[in-house]
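**Student:** This is the structure, below, for whatever I ask next.
Computed from the coordinates by the stated procedures, all read-outs in this text should not be read as laboratory data. Please read these numbers as outputs of a predicted model, since none were measured by experiment. Heads up, the Cβs are rebuilt from the backbone with ideal geometry, glycines too, and the neighbour counts pull from every protein chain shown.
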Amino acid sequence: MRPRLPANEGARMAVVLGGFALIAAAVLGTAHELTEGPIQRRERAELRRTLNRVVPPTAYDNTLVRATRVVRTARGDAVRVYRGTRDGAVTAVAFQVLAPGYNGPIRLLMGLERHGRVLGVRVLDHQETPGLGDRIEARKSDWILDFTGRSLGNPLRGQWTVEKDGGVFDQFTGATITPRGVVAGVRRGLLFFRRHRAALLDPAAGGDAATDAPALDATDEGESG
Amino acid sequence: MRPDYGAIVRNGIWDNNAVFAQLLALCPTLAVTGTATNGLGMGLATAVVLVATGAIVALVRRLTLREVRIPVFVLVIAACVTLVDMVMKAWLFELHSVLGLFIPLIVTNCIILGRAEAFASRNPTGPSVVDGLATGVGFILTLVVVGAVREIIGHGTLFADAHLLLGDAFAWLETVVVADYNGALVAVLPPGGFLAVGFLMAGKRVIDERLRAGAPATGPVAARAAEPAP
């Protein structure tokens, strides 16, 4: 056994632990710098691909991914909206919604036509439990396709939830929180569209230059859009 | 002294199997083994992290003071998992979109801390990497077997959606074991996980008993008793 003085002992522990923390921080910081660019490029490519799924390319004749404008919710949060136009009139809009998941927010992309009917919804990313909640992904289940063609009046207000809560949407065996959150997120997206419809469909408005791509945050319990 | 790699491999895969012998990592085991494919995904992601943390912990074992070793190991594991997540997201995006769900679950996996503490902190880098690999392979096999049992009983299929995880080249793995099967829900739900793990564990004990009866003196049970308690 080496003789140890309590004071030195404490100092040594602090140096060892602090040293490891510094090295870990340096490694992760460097890795973050190196991977940030490629990750953002991948996510943008994924967003472009998903935009084509939630808004049929036949619905517009402009460059959807560049035709964005930023709309502020009643609470003042910025939401970036992609607007498809044909002959100068807005025919479809798409935006991201953060729905409350079991394990953190579920990022949805939803497309609507100008009367507020859903053209399509897809999940961009989520951390739901594999095998239970991940059936919200279109490649694992048809569940998410059930939103296509729906609107605020279809189904009626009280039924805009999962069957377990008296609604019309299927839940998954062993995972109710995930589909419940996605349904609530889509409904909030529809409410957001109804509230800001005039601004969203006004072809003259636009040109807001926001650098990031904020989503409509529907992870809280409120009803504001 | 030359390390006994044969014993390390045997320990990691069978004698000291993380789930069936040490009863570690039950949380991810029960949570993701609804299908064999998900078990394979979780196993692969965990094995990569096990090898990486085994190597790092063994390399720095002389610098790691006993008193602060646990926070240091946790730091190394968390950093490794985060690094794997970022690198996969940047350069293996397709794989990340499938395996990515499992990565946050690895941080809470106590096998990794267990192997860092019980093996890598006391052994050189080479054997520690082999130990990580063997434990990882043992974990993959365990999750695939538990997942296969639950999937066959629950859905009547085997390796459903394997092409999403491994690519279209492995679509042949996807098998319908029982056609027109309504499924036994209990196998897919959490209780089914406990039942499957319990029965498989009992099965392993029976095999070990048989082996010991065949070869007395130093059987696998004696080897297991010599391991430190988890």
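**Student:** Take every residue in peptide A:15-22, count the Cβ atoms of other chains within 10 Å of its Cβ, and give the average of those counts.
**Tutor:** Mean partner shielding for this stretch: 5.
**Student:** Still on this model: Assuming 0.692 mPa s and 37 °C, estimate D for the protein assembly as shown with Stokes-Einstein, Rh taken as the Kirkwood radius over Cα pairs, in µm²/s.
**Tutor:** Stokes-Einstein gives a translational diffusion coefficient of 132 µm²/s.
**Student:** Let me ask something else. Which of B:VAL51, B:LEU185, A:THR148 sits farthest toward the positive end of the charge dipole of the protein assembly as shown, with +1 on the Cβ of Lys and Arg and -1 on the Cβ of Asp and Glu?
**Tutor:** The listed residue farthest towards the positive side: B:VAL51.
**Student:** Less than 28 Å apart at the alpha-carbon level, and either on another chain or at least 8 residues along: which lysines does that give for A:LYS164?
**Tutor:** A:LYS140
**Student:** Which value in deg cm²/dmol, rounded to the nearest 500, describes the helix-derived mean residue ellipticity at 222 nm for chain A, given -39,500 (n - 2.57) per DSSP H run of n ≥ 4 and division by the residue count?
**Tutor:** Calculated mean residue ellipticity at 222 nm is -11500 deg cm²/dmol.
**Student:** Continuing with this model, one more query. Specify whether the C-alpha gyration tensor of region B:5-213 places it in the rounded, prolate or oblate class, a ≥ b ≥ c being the square roots of the eigenvalues: rounded for a/c under 1.5, otherwise prolate if a/b is larger than b/c and oblate if not.
**Tutor:** Verdict is oblate for region B:5-213.
**Student:** Kirkwood Rh over Cα pairs of region A:1-53 into Stokes-Einstein at 20 °C, 1.002 mPa s: D in µm²/s?
**Tutor:** Using the Kirkwood radius from Cα pairs, D works out to 145 µm²/s.
**Student:** Name the helices (complete DSSP H segments) of chain B with a Cα length along the long axis of 18 Å or more and a Kyte-Doolittle mean of at least 0.0, or state none.
**Tutor:** Helices meeting the criterion: B:36-59, B:69-91, B:125-155, B:190-214.
**Student:** Among A:GLU128, A:GLU113, A:GLU33, which one shows the biggest mean-square fluctuation in a GNM of chain A, springs joining Cα atoms closer than 10 Å?
**Tutor:** A:GLU33
**Student:** Students often check this: by mean Cβ neighbours within 10 Å, which of B:180-191, A:162-173, B:67-78 ranks highest, and how do the rest follow?
**Tutor:** In descending order of packing, they fall as B:67-78, A:162-173, B:180-191.
**Student:** Let me know the shape class of chain A, please: from the alpha-carbon gyration tensor, a ≥ b ≥ c as square roots of the eigenvalues, rounded when a/c is under 1.5, otherwise prolate if a/b is greater than b/c, or oblate.
**Tutor:** Prolate.
**Student:** How fast does region A:70-183 diffuse by Stokes-Einstein, in µm²/s, taking the Kirkwood radius from C-alpha pairs at 10 °C and 1.306 mPa s?
**Tutor:** 106
**Student:** Could I ask something else about it? Which whole number gives the average count of other chain Cβ atoms within 10 Å of the Cβ atoms across peptide A:23-33?
**Tutor:** Rounded to a whole number, the mean comes out at 3.
**Student:** Given region B:1-90, what whole percent of its Cα pairs are spread farther than 15 Å?
**Tutor:** It works out to 72 percent of all Cα pairs.
**Student:** Let me ask something additional. Please compute, for peptide B:161-171, the average count of beta-carbon atoms on other protein chains lying within 10 Å of each residue's beta-carbon.
**Tutor:** Average neighbour count from other chains, rounded to a whole number: 1.
**Student:** Something else now. Once the Cα atoms of helix A:177-195 and of chain A are each reduced to a long axis, what angle between those two axes, in degrees from 0 to 90 to the nearest 10, is obtained?
**Tutor:** Its long axis makes an angle of about 50 degrees.
**Student:** Continuing with this model, one more query. Divide by every residue of chain B the summed helix terms, -39500 (n - 2.57) for each DSSP H run of at least 4, and state the resulting mean residue ellipticity at 222 nm, rounded to the nearest 500 deg cm²/dmol.
**Tutor:** That calculation yields -21000 deg cm²/dmol at 222 nm.
**Student:** Additional query: Could you tell me the center-to-center distance, by alpha carbons, between region B:7-57 and region A:125-201 in angstrom?
**Tutor:** Going from one Cα centre to the other spans 35 Å.
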